[in-house]
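Participant: Submitted below is the structure of interest, expressed as structure tokens.
Every read-out reported here was derived from the displayed coordinates using simple, explicitly stated rules and does not represent laboratory data. What you are looking at is a predicted structure, and each value in this text was computed from that prediction instead of being measured. All Cβ positions, glycine included, derive from the backbone under ideal geometry; neighbour counts span all protein chains shown.
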């Protein structure tokens, strides 16, 4: 069962990554977006697990992206803007 959840999460994250419009839709109505992407209606508990896992993955992606930008700025500060 958790294998299925992992597959669902990966599929959804792949569709959402880089698509800010879809991410906003996911934030406002995650159950509908998950159902639309997967094309199947999931059991309540599985749906809840998938949504939580997708939220976690998206948050980690945002944190990594923001950290990369911060580190680049920090490097630029210490190198005087030279790469």
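Participant: Run the numbers for residue 27 and residue 10: contour at 0.36 nm per residue of separation, minus the present Cα-Cα distance, in nm.
Facilitator: Value of the extension gain: 4.4 nm.
Participant: Another question, then. Rank by packing, highest mean first: peptides 40-47, 8-15, 28-35, with packing defined as the count of other Cβ atoms within 10 Å averaged across residues.
Facilitator: Taking the mean over residues of other Cβ atoms within 10 Å, the ranking is 8-15, 28-35, 40-47.
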